[in-house]
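A.B. asks: One structure is given below, represented as structure tokens, and several questions about it will come after.
The values are calculated or read from the model by the stated rules, or taken from the named source; none is laboratory data. Keep in mind that what you see is a predicted model, and the values were worked out from it rather than measured. Positions of Cβ are generated from backbone atoms using ideal geometry, with glycine treated the same way; all protein chains shown enter the neighbour counts. Protein only, heavy atoms only, side chains kept; ligands, DNA and RNA dropped before computing areas. Shrake-Rupley method; radii C 1.70, N 1.55, O 1.52, S 1.80 Å.
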Amino acid sequence: MGTIITVTSGKGGVGKSTTTANVAVGLAQAGKRVVAVDFDIGLRNLDMILGLENRIVYDSIDVMEGRCKLSQALISDKRSKNLFFLPASQTKDKSALKKEKVRELLEVLKKDFDYIVIDSPAGIESGFENSIFLADEALIIATPDVSSVRDADRVIGIIDAKSEKAKEGKEVKKHVVINRIKPEMVESGEMMSVDDVLNILAIPLIGVIPEDKKIISATNVGEPIVYDKNSLAGEAFRRLSRRILGEDLEFLELKSKRGLLGIIKGLFS
Amino acid sequence: MSLFEALFGRKKKSAEAAKDRLKIMLAHERVHALPYIDDLKKDIIEVVKKYAEVNDIKIKTEKNQDIDFLEVEIVLNSPSKD
Ligand SMILES: Nc1ncnc2c1ncn2[C@@H]1O[C@H](COP(=O)(O)OP(=O)(O)OP(=O)(O)O)[C@@H](O)[C@H]1O
Ligand SMILES: [Mg+2]
């Protein structure tokens with residue numbers, strides 16, 4: 001039976017879709033059979049990040065409403081052969097997802113895949129509930145700013161209330177991913193550090209992703225940054241994926257290049 | 001604290017302000033997210049009413065997600081005001 005990982009956040013735009021894509025690729029590269037599922041109904045964009053937008057014929061709503069078979073809607077990735085993608089519908093109606101249909105779909109996927117990585121919409125309305133109610137694990141994405149951390153805290157607080165696992169007395173594994181860390185700002189005291197955020201949210205850390213311009217260019221061309229062996233954010237996503245698989249890896253030490261030591265080094269190099 | 005900071009005082013860095021503001025804000029929000037908080041308040045008021053007039057009850061927490069600490073402040077109707 002596969003594991004359902006829901007990628008969520010309170011605030012929008014903090015990196016859920018980016019994380020979903022990179023974790024899905026990272027897990028597939030580690031040899032797992034993975035499906036990335038876009039549950040951000042009406043606002044699909046995981047397809048673009050994965051570079052699969054041109055191959056969409058059917059979507060998850062078509063599957064749930066019986067307009068096609070699951071196998072017809074699943075898109076296989078070219079680069080990672082263990083990776084599949086199930087697109088979101090672009091109908092504007094977010095209530096298009098019916099809980100019982102979602103359950104049927106996810107139960108079938110669980111039989112066929114090791115990991116089901118779900119990209120969820122921002123906020124805590126019905127779309128969130130559909131994304132979280134069957135989750136085994138949740139990755140809560142937060143950026144180090146007050147509104148993102150505040151909203152992350154609210155989401156963490158309601159995950160168990162929405163989860164079936166929690167109702168059965170089991171626990172949804174919850175981890176935080178801190179995204180868009182800017183080391184130079186942390187060093188000058190103008191951005192909360194990873195420790196600051198952890199101290200407030202009090203759930204375990206599973207990933208720290210630096211701010212990286214390469215993420216934007218990677219999204220432009222539809223090749224998740226995790227494929228880029230030379231990028232720091234790519235390495236951060238590779239480690240995040242391997243931690244999900246249970247490896248105990250150190251967190252990247254993120255330091256500004258403009259620190260004093262950097263300047264001195266720069267003079268002698 | 002450096003001598004400079006000691007002599008001239010230190011301007012609070014914005015990250016520190018962020019931390020402080022979040023802590024205060026979340027101490028309130030987490031309590032309000034508890035499903036039983038309204039019932040708990042009503043029950044406390046009922047009990048205290050047996051002994052004194054209650055004006056208001058404020059409940060907050062210092063703790064994180066797994067709340068294990070509630071601070072209850074019971075504001076009594078002071079008789080002198082009547
Ligand atoms: N670490 C990072 N460094 C630089 N840019 C980033 C980083 N993480 C995310 N971004 C950029 O931020 C934007 C928002 O990211 P993304 O779409 O993944 O967020 P989201 O949480 O899925 O948003 P929404 O709530 O709208 O679904 C994108 O343009 C993305 O490329
Ligand atoms: Mg998104």
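A.B. asks: What pairs can you find where one residue is in the stretch A:1-26 and within 14 Å of chain B (Cβ to nearest Cβ) and over 19 Å from residue A:48 (Cα atoms), the other is more than 9 Å from ligand 1 (Cβ to nearest atom) and acidic (Asp, Glu), and their Cβ atoms are less than 6 Å apart, with a gap of 6+ or different chains?
C.D. replies: The qualifying pairs are A:10/A:151; A:11/A:151.
A.B. asks: For residue A:147, indicate whether it is under 30 Å from residue B:13 (Cβ atoms) and either in contact with a Phe, Trp or Tyr (Cβ under 7 Å, 6 or more places away or on another chain) or among the polar types (S, T, N, Q) (or both).
C.D. replies: Working: under 30 Å from residue B:13 (Cβ atoms): yes; either in contact with a Phe, Trp or Tyr (Cβ under 7 Å, 6 or more places away or on another chain) or among the polar types (S, T, N, Q) (or both): yes.
The answer is yes for residue A:147.
A.B. asks: Give the number of residues within the stretch B:63-82 that are assigned to a loop (DSSP other than H, G, I, E, B), at pLDDT below 65 and either in contact with a Cys (Cβ under 9 Å, 6 or more places away or on another chain) or open to solvent by 100 Å² or more (accessible area, probe 1.4 Å) (or both). I'd like the intermediate steps shown before the answer.
C.D. replies: Kept after step one, since they are assigned to a loop (DSSP other than H, G, I, E, B), are these residues of the stretch B:63-82: B:63-70, B:77-78, B:82.
Narrowing further to those that are at pLDDT below 65: B:63-67, B:82.
Restricting the remaining residues to those that are either in contact with a Cys (Cβ under 9 Å, 6 or more places away or on another chain) or open to solvent by 100 Å² or more (accessible area, probe 1.4 Å) (or both) gives B:66, B:82.
Going through the stretch B:63-82 one residue at a time, the tally reaches 2.
A.B. asks: So, one more: Quickly run through the stretch A:45-60 and pick out the residues that are crowded, with 20+ Cβ neighbours inside 10 Å, within 15 Å of the chain's Cα centre (by Cα) and either assigned to a loop (DSSP other than H, G, I, E, B) or free of Cβ contacts under 8 Å to residues at least 60 places away in the same chain (or both).
C.D. replies: Scanning the stretch A:45-60 gives a single hit, A:47.
A.B. asks: A further question follows. Within the stretch A:125-147, track down each residue that is within 12 Å of ligand 1 (Cβ to nearest atom) and either open to solvent by 30 Å² or more (accessible area, probe 1.4 Å) or outside any strand (DSSP E or B) (or both). Walk me through how you get there before you give the answer.
C.D. replies: Here is the first cut: in the stretch A:125-147, the ones within 12 Å of ligand 1 (Cβ to nearest atom) are A:127-128, A:131, A:139-144.
Those that are within 12 Å of ligand 1 (Cβ to nearest atom) and either open to solvent by 30 Å² or more (accessible area, probe 1.4 Å) or outside any strand (DSSP E or B) (or both): A:127, A:128, A:131, A:143, A:144.
A.B. asks: Suppose the filter is part of a loop (DSSP other than H, G, I, E, B) and at pLDDT 95 or above; does residue A:81 pass it? Lay out the reasoning, then the answer.
C.D. replies: On the way: part of a loop (DSSP other than H, G, I, E, B): yes; at pLDDT 95 or above: no.
Spelling it out, it is not the case that residue A:81 is part of a loop (DSSP other than H, G, I, E, B) and at pLDDT 95 or above.
A.B. asks: Let me ask you something else. Go through the stretch A:1-44 and report how many residues are under 9 Å from the mean Cα position of the chain (by Cα), of a type in the set (A, V, I, L, M, F, W, C) and within 11 Å of ligand 2 (Cβ to nearest atom). Walk me through how you get there before you give the answer.
C.D. replies: Step one: filter the stretch A:1-44 for residues under 9 Å from the mean Cα position of the chain (by Cα), giving A:5-8, A:15-24.
Pick out the ones that are also of a type in the set (A, V, I, L, M, F, W, C) and you get A:5, A:7, A:21, A:23-24.
So of that shortlist, the ones also within 11 Å of ligand 2 (Cβ to nearest atom) come out as A:7, A:21.
Selection size over the stretch A:1-44: 2.
A.B. asks: Let me ask another. Name every residue in the stretch A:110-148 that is more than 26 Å from residue A:212 (Cα to Cα), of a type outside the set (D, E, K, R) and more than 14 Å from chain B (Cβ to nearest Cβ), in order of residue number.
C.D. replies: A:113, A:115, A:116, A:126, A:127, A:128, A:130, A:131, A:132, A:133, A:134, A:135 - these are the residues of the stretch A:110-148 that are more than 26 Å from residue A:212 (Cα to Cα), of a type outside the set (D, E, K, R) and more than 14 Å from chain B (Cβ to nearest Cβ).
A.B. asks: Here's another thing I want to ask about it. If you take the residues in the stretch A:152-167 that are open to solvent by less than 50 Å² (accessible area, probe 1.4 Å) and within 13 Å of another protein chain (Cβ to nearest Cβ), which one is nearest to residue A:14 (Cα to Cα)?
C.D. replies: Applying the filter and picking the extreme gives A:152.
A.B. asks: Residues of the stretch B:26-40 being part of a helix (DSSP H, G or I) and farther than 10 Å from residue A:200 by Cβ, which ones? Break it down stepwise before answering.
C.D. replies: Applying the first criterion (part of a helix (DSSP H, G or I)) to the stretch B:26-40 yields B:26-33, B:37-40.
Those that are part of a helix (DSSP H, G or I) and farther than 10 Å from residue A:200 by Cβ: B:27, B:28, B:29, B:30, B:31, B:32, B:33, B:37, B:38, B:39, B:40.
A.B. asks: Filter the stretch A:1-25 down to residues that are assigned to a helix (DSSP H, G or I) and open to solvent by less than 10 Å² (accessible area, probe 1.4 Å) and give me whichever is farthest from residue A:81 (Cα to Cα). Explain how you work it out, then say what you get.
C.D. replies: Let us first name the residues in the stretch A:1-25 that are assigned to a helix (DSSP H, G or I), namely A:16-25.
The next check asks that each one be open to solvent by less than 10 Å² (accessible area, probe 1.4 Å); those that pass are A:19-25.
Details: A:19: 19, A:20: 17, A:21: 15, A:22: 15, A:23: 15, A:24: 12, A:25: 10 Å.
Only one residue fits best here, namely A:19.
A.B. asks: Given (1) part of a helix (DSSP H, G or I); (2) crowded, with 19+ Cβ neighbours inside 10 Å, where does residue A:195 come up short, assuming only one miss?
C.D. replies: Unmet for residue A:195, out of (1) part of a helix (DSSP H, G or I); (2) crowded, with 19+ Cβ neighbours inside 10 Å: (2).
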